Amino acid sequence: MNKWMDVSQPLNNNIPVWPGDTPFSYKINWSKEESGSVNVGQITMSAHTGTHIDAPFHFDNEGKRVIELDINLYIGPAKVIHLTDRESICVEDLRGHQLSNVTRLLIYTGAWKNRSVFPETIPPIEPEAASYLAEQGVKLLGLDLPSVDKLDSKELPAHHELTRHGLHILEGLVLDEIDPGNYELAALPLPLSEADGSPVRAVLRKIEE
């Protein structure tokens, strides 16, 4: 049986975050010496650090929170495709791939080359791609990027169009070593009752053709 492969960004104090967002911090808040028995750590972080999902509440005050999302979206068969050297990802890019009945689509762009720093530019998803993906049956879109929109966008057209067409968003994947093909995906969010997003431990396992 094929082994699970981790496609998550390691969470450590050097991980880059959105400019102006909460830096990631882990520290021992209660040491074994102090407690007499255990080390107890404290984590401070943004819900959108590293590999994470967006809940619609992230960009819509009336949108669903993390706890309201269907966990079945984040575990099951997925397809990985490569779309490199793009300024944006449009319908024509997607037409070149067999996506019929693909529920979870993961796209490797290779655009985030240095993971130690936040990227200056990324290839965004063109908003009209949302309806095309929905027609194919896609319900979860994952990328190796920190956003589906331009990094300086305030309107977030791709976020809104994807959600309007029933697609959920998984960002910050590490797909550098993952070949195109069919996989099993597990990228479950935490059961956060009020949150607009959640870090995930995303893993893939190759499905034998």
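Read the figures in this text as sums done on the coordinates, not as results from a lab. In this text, all values refer to a predicted model and were calculated from it rather than measured experimentally. Reconstructed Cβ throughout: ideal geometry from the backbone, glycine too, with neighbour counts over all protein chains shown.
If you add up the charges near residue 122, with Lys and Arg at +1 and Asp and Glu at -1, over every other residue whose beta carbon is less than 14 angstrom from its beta carbon, what do you get? My count for the surroundings of residue 122 gives -4.
Which trypsin sites (Lys or Arg not before Pro) in region 111-153 sit in a loop by DSSP (not H, G, I, E or B) and have at most 11 other Cβ atoms within 10 Å of their own Cβ?
113
Look at the dipole of region 5-206 built from charges on Cβ: of 147, 58, 81, the Cα furthest out on the positive end belongs to 81.
GNM on the chain, alpha-carbon springs under 10 angstrom: the most fluctuating residue among 156, 105, 175 is 156.
List the GluC sites (Glu not before Pro) within region 58-121 that DSSP assigns to loop and that have no more than 14 neighbouring Cβ atoms inside 10 Å.
On the way: sites: 62, 68, 87, 92, 120; in loops: 62, 87, 120.
In loop regions of region 58-121 (DSSP not H, G, I, E or B), the sparsely surrounded GluC sites (Glu not before Pro) are 62, 87, 120.
On the beta carbon distance between residue 205 and residue 97, with R0 = 22 Å, the FRET formula returns roughly 0.60. Whole-percent P(r), region 118-160, all Cα pairs, 5 Å bins from 0: 5, 23, 30, 23, 13, 5, 1.
Considering every Cα-Cα pair within region 1-103, what fraction, in whole percent, is farther apart than 24 Å? Write out the running numbers ahead of the final one.
Values: 2850 of 5253 pairs.
Result: 54 percent of Cα pairs exceed 24 Å.
How large is the direction-averaged shadow of the alpha-carbon convex hull of the chain, in nm²? Projected area, direction-averaged: 13.2 nm². For region 94-175, the normalised intensity computed at q = 0.22 Å⁻¹ comes to -1.04 (log10 of I(q)/I(0), Debye sum over alpha carbons, equal scatterers, no solvent). Counting 0.36 nm for each residue step from residue 38 to residue 71 and taking away their Cα separation leaves a gain of 8.6 nm.
Ranked for footprinting exposure by Cβ neighbours inside 10 Å, fewest first, 75, 28, 125, 107 give 28, 75, 107, 125. Basic side chains Lys and Arg get +1 at the Cβ, acidic Asp and Glu get -1 at the Cβ, and with that the dipole of region 1-125 about its Cα centre reaches some 400 debye.
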